[in-house]
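*Asks:* Sharing a structure here in structure tokens format.
The values are calculated or read from the model by the stated rules, or taken from the named source; none is laboratory data. Predicted, not measured: the structure shown is a model, and the values here were computed from it. Heads up, the Cβs are rebuilt from the backbone with ideal geometry, glycines too, and the neighbour counts pull from every protein chain shown.
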Amino acid sequence: MLTKFQLIQTATAIGMAIGTLTAPVLKVEANPSIPTMGQKNIPATQLIADNAATKPRRYSRSIALGAKVDTVSGASEISLAEHLAAKGVKFYGAYWCSHCQKQKSLFGATAVAKLPYIECAKEGENSQRQLCMDKEIKMFPTWVINGQYITGTHELAEIAKLTGYTGSTDFKYHK
């Protein structure tokens, strides 16, 4: 018998194959044992199909594969992304994770291309699912900074401080 998560994965694969994705509305529950810093942390294992009698939502193929970042990077965002890559920081996420998309949008499109991003979703582009499982990544986004796992969406100034970034912090966007 398939789990709800496996059913959602199957529906995603079928939807991508035909060019559209029809999926039940998802209810996301936060893990109350983890500090949230003003937003919900989303464990991938706690995605639960909503049992309410709602119509399925239709998503285009591009959204199913992960939304493109449409914000513009400034010099500070690009410099921070380069710093993170040089320091060996890792950003684990999933294409379907709205919090990961929010984190990426804080950097802007140009800086995102320089981020040390690791895709954990099996269907995601350049998926490194096994690495994510080996590293026991259970929530998205997860930052690994100096061996410490930090979950959730964070302000760029906070990431800069945690990594010892000393460049300009004139970041364009805020949570």
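*Asks:* Could you grab me the full set of residues in the range 138-157 that are in a loop (DSSP other than H, G, I, E, B), in contact with a Ser or Thr (Cβ under 9 Å, 6 or more places away or on another chain) and either at pLDDT below 95 or farther than 21 Å from LYS68 by Cα (or both)?
*Replies:* Once the filter is applied, which keeps residues that are in a loop (DSSP other than H, G, I, E, B), in contact with a Ser or Thr (Cβ under 9 Å, 6 or more places away or on another chain) and either at pLDDT below 95 or farther than 21 Å from LYS68 by Cα (or both), the range 138-157 yields LYS138, ASN146.
*Asks:* Let me ask another. Could you check GLY66 against (1) modelled with pLDDT of 95 or more; (2) at positive phi; (3) surrounded by 20 or more Cβ atoms within 10 Å (Cβ to Cβ) and say which number it fails?
*Replies:* GLY66 satisfies every listed condition except (1).
*Asks:* Is at least one residue of the range 75-93 surrounded by 15 or more Cβ atoms within 10 Å (Cβ to Cβ), touching a Ser or Thr at 6+ places or on another chain (Cβ under 9 Å) and at pLDDT below 95?
*Replies:* No, that holds for no residue.
*Asks:* Does LYS135 count as surrounded by fewer than 18 Cβ atoms within 10 Å (Cβ to Cβ) and at pLDDT below 95? Walk me through it before giving the result.
*Replies:* Numbers: surrounded by fewer than 18 Cβ atoms within 10 Å (Cβ to Cβ): yes; at pLDDT below 95: no.
Judged against the criteria, LYS135 is not a match.
*Asks:* Inside the range 113-124, can you point out the residues that are more than 12 Å from the chain's Cα centre (by Cα), of a type in the set (A, V, I, L, M) and within 16 Å of THR142 (Cα to Cα)?
*Replies:* Within the range 113-124, the subset more than 12 Å from the chain's Cα centre (by Cα) is 113-116, 122-123.
Checking which are of a type in the set (A, V, I, L, M) leaves us with 113, 115.
LEU115 - this is the single residue of the range 113-124 that is more than 12 Å from the chain's Cα centre (by Cα), of a type in the set (A, V, I, L, M) and within 16 Å of THR142 (Cα to Cα).
*Asks:* Which of the residues spanning the range 158-175 are in a loop (DSSP other than H, G, I, E, B) and among the small types (Gly, Ala, Ser)?
*Replies:* Step one: of the range 158-175, the residues in a loop (DSSP other than H, G, I, E, B) are 164-175.
The answer is GLY164, GLY167, SER168.
*Asks:* A follow-up question, please. Have a look at GLN130, GLN103 and point out the one that is in a helix (DSSP H, G or I) and either in contact with a His (Cβ under 8 Å, 6 or more places away or on another chain) or not assigned by TED's automatic domain parsing to the domain that holds ALA81 (or both).
*Replies:* On the way: GLN130 fails: either in contact with a His (Cβ under 8 Å, 6 or more places away or on another chain) or not assigned by TED's automatic domain parsing to the domain that holds ALA81 (or both).
Unique residue meeting the criteria: GLN103.
*Asks:* Something else about it: Which numbered condition in (1) in contact with a Lys or Arg (Cβ under 8 Å, 6 or more places away or on another chain); (2) among the aromatic types (Phe, Trp, Tyr); (3) at pLDDT below 95 is the only one that TYR173 fails?
*Replies:* (1)
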